[in-house]
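Engineer: What follows is a structure written as structure tokens; I'll ask about it next.
The values are calculated or read from the model by the stated rules, or taken from the named source; none is laboratory data. Worth saying up front: this structure is predicted, and the values here are computed from it rather than measured. Heads up, the Cβs are rebuilt from the backbone with ideal geometry, glycines too, and the neighbour counts pull from every protein chain shown. Areas reflect the complete protein model, heavy atoms only, side chains present, ligands, DNA and RNA absent. Shrake-Rupley method; radii C 1.70, N 1.55, O 1.52, S 1.80 Å.
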Amino acid sequence: MKQIGLVGYGYWGPNLIRNFSELKGCRVKAVADRSAEQLALVKKLYPEVAVTSDAGELFRDESIDGVIIATPIPTHYKLAAEAIRHGKDVLVEKSFTASLSEARRLLALAEAKKRVVAVDHTFLYSGAVQAIKKLIDSGAIGRVQYIDSSRLNLGRIKSDISVIWDLMSHDIAIMGYLLGRTPTSVSATGISHTLRTVENMGYMTLFFGDDTIGHVTASWVAPLKVRRMIIGGTKKMIVYDDAEAHDKVKLYDVGYTVTRDNSQSRPRFDYRRGGVSVQKINGGEALGGLAKDFLRCMNERSLPVSSGKTGLEVVQVLEAATKSVAANGKEIKLR
Ligand SMILES: NC(=O)c1ccc[n+]([C@@H]2O[C@H](COP(=O)([O-])OP(=O)(O)OC[C@H]3O[C@@H](n4cnc5c(N)ncnc54)[C@H](O)[C@@H]3O)[C@@H](O)[C@H]2O)c1
């Protein structure tokens, strides 16, 4: 039986404690949060769980095997490093750290201490994303030429991190997982209307060193909720609408061919508009899949699907995108 400690019981922490509490083979032993109000909520819902305002208490508790860090991003590095130094495996919320250098140092520390590092890129565990990955890997849509994502809604506006670090981290993680590779360069623009500091809407283009391109639009100030990704392959296309309650993934048998006939002055485009099929997906909660994976890796000492390396790769893109925004969309090389 693995014992788990949770640091941070704000907006996302309750989802983590619920999923880990429902999982066989582990037990949430304690929760740390600076807010007494939040700790009172934990006590009400989970009377058997110990609470403390000092995260250090969890790290020093030798009976705790794994610690989840669900505090704001700027605090991740310090808390996760302290947990690892005390011999804990860690599950860190996205985005992994506030900078690439922090991510590198954290991974080096975890390697030296032989600790498991998982990062909560929740979507990698969702039935929809896994179904899309299967379709792509089976060759059903041909070679992926583009992934275009829109992630818009009204709120939750942040004051400490931009919409790029908050929302686009999902899209970068999903694209990396689906394509099995990371971008070679990135370009981004954004604007801050809200606080005139961190961007509340942004646009990012990811280049992959060939003819595959990714694009993300993200906003906290849109009138409606949009969670839509279009994946264009050379044979077929996929529309993934995460805002839909059902039928989130649809496969479109559409495409085009180009004919270049020397006798004609212009190339000819022929369009194929076939049927649409709804894809069957596993309906389990993604966070439950992540909890299961973290527990498996704690027991087997293996690498999570969403590992520290995944977290680092996402942070690398986020940091480059931030530089690009400051330079009005300049393309920033990643390797
Ligand atoms: N995976 C996802 O889809 C997803 C969704 C939402 C948030 N998140 C991530 O979860 C993390 C937390 O986000 P949130 O929206 O819950 O934030 P939040 O501000 O609502 O909650 C953070 C909590 O951490 C506590 N806290 C801060 N510093 C602390 C410290 N040093 N010791 C103990 N407690 C401390 C605060 O009191 C607060 O209750 C962020 O990294 C965020 O990016 C992930």
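Engineer: Can you tell me which residues in the range 260-275 are open to solvent by less than 80 Å² (accessible area, probe 1.4 Å) and in a strand (DSSP E or B)? Even if it seems obvious, please write down each step before you answer.
Structural biologist: We begin by selecting, within the range 260-275, every residue open to solvent by less than 80 Å² (accessible area, probe 1.4 Å); these are 261, 267, 270, 274-275.
Across the range 260-275, the qualifying residues are 270, 274, 275.
Engineer: Now for a separate question. Condition check: within 27 Å of residue 143 (Cβ to Cβ) and in a helix (DSSP H, G or I). Does residue 257 satisfy that?
Structural biologist: Numbers: within 27 Å of residue 143 (Cβ to Cβ): yes; in a helix (DSSP H, G or I): no.
Against the criterion (within 27 Å of residue 143 (Cβ to Cβ) and in a helix (DSSP H, G or I)), residue 257 does not qualify.
Engineer: Check the range 41-55 and report whether any residue there is touching an Asp or Glu at 6+ places or on another chain (Cβ under 6 Å) and open to solvent by 20 Å² or more (accessible area, probe 1.4 Å).
Structural biologist: Step one: of the range 41-55, the residues touching an Asp or Glu at 6+ places or on another chain (Cβ under 6 Å) are none.
No.
Engineer: Output yes when any residue across the range 232-244 is surrounded by 11 or more Cβ atoms within 10 Å (Cβ to Cβ), more than 20 Å from residue 138 (Cα to Cα), small (Gly, Ala, Ser) and within 22 Å of the chain's Cα centre (by Cα), and no when none is.
Structural biologist: Keep residues of the range 232-244 that are surrounded by 11 or more Cβ atoms within 10 Å (Cβ to Cβ), which gives 232-244.
Narrowing the set further to residues that are more than 20 Å from residue 138 (Cα to Cα) leaves 241-244.
Add one more test, that the residue is small (Gly, Ala, Ser), and what stays is 243.
Subsequent filtering for residues that are within 22 Å of the chain's Cα centre (by Cα) retains 243.
Yes, because at least one residue in the range 232-244 is surrounded by 11 or more Cβ atoms within 10 Å (Cβ to Cβ), more than 20 Å from residue 138 (Cα to Cα), small (Gly, Ala, Ser) and within 22 Å of the chain's Cα centre (by Cα).
Engineer: Right, next: Looking at (1) within 25 Å of residue 326 (Cβ to Cβ); (2) touching a residue at least 24 places away in the same chain (Cβ under 8 Å); (3) buried (at least 18 other Cβ atoms within 10 Å of the Cβ), find the lone condition where residue 203 falls short.
Structural biologist: Single failed check for residue 203: (2).
Engineer: Could you tell me which numbered condition residue 32 fails, if it satisfies all but one of (1) over 25 Å from residue 168 (Cα atoms); (2) more than 9 Å from the ligand (Cβ to nearest atom); (3) open to solvent by less than 40 Å² (accessible area, probe 1.4 Å)?
Structural biologist: With (1) over 25 Å from residue 168 (Cα atoms); (2) more than 9 Å from the ligand (Cβ to nearest atom); (3) open to solvent by less than 40 Å² (accessible area, probe 1.4 Å) applied to residue 32, the lone miss is (2).
Engineer: Can you give me the number of residues within the range 137-165 that are buried (at least 21 other Cβ atoms within 10 Å of the Cβ) and either part of a helix (DSSP H, G or I) or among the aromatic types (Phe, Trp, Tyr) (or both)?
Structural biologist: Residues flagged as buried (at least 21 other Cβ atoms within 10 Å of the Cβ) and either part of a helix (DSSP H, G or I) or among the aromatic types (Phe, Trp, Tyr) (or both) within the range 137-165 amount to 3.
Engineer: Can you tell which of 111, 93 is buried (at least 16 other Cβ atoms within 10 Å of the Cβ) and acidic (Asp, Glu)? Step through it out loud before you land on a result.
Structural biologist: Values: 111 fails: buried (at least 16 other Cβ atoms within 10 Å of the Cβ).
It is 93.
Engineer: Just for strands (runs of 3 or more DSSP E) wholly inside the range 1-88: which have at least 3 residues that are in contact (Cβ under 8 Å) with a residue 60 or more places away in the chain? Lay out the reasoning, then the answer.
Structural biologist: On the way: elements: 2-7, 26-32, 50-52, 66-69.
In the range 1-88, 2-7, 66-69 are the strands (runs of 3 or more DSSP E) which contain 3 or more residues that are in contact (Cβ under 8 Å) with a residue 60 or more places away in the chain.
Engineer: Moving on. Check residue 172 against each of (1) in a helix (DSSP H, G or I); (2) touching a residue at least 60 places away in the same chain (Cβ under 8 Å); (3) open to solvent by 20 Å² or more (accessible area, probe 1.4 Å) and name the one condition it does not meet.
Structural biologist: Unmet for residue 172, out of (1) in a helix (DSSP H, G or I); (2) touching a residue at least 60 places away in the same chain (Cβ under 8 Å); (3) open to solvent by 20 Å² or more (accessible area, probe 1.4 Å): (3).
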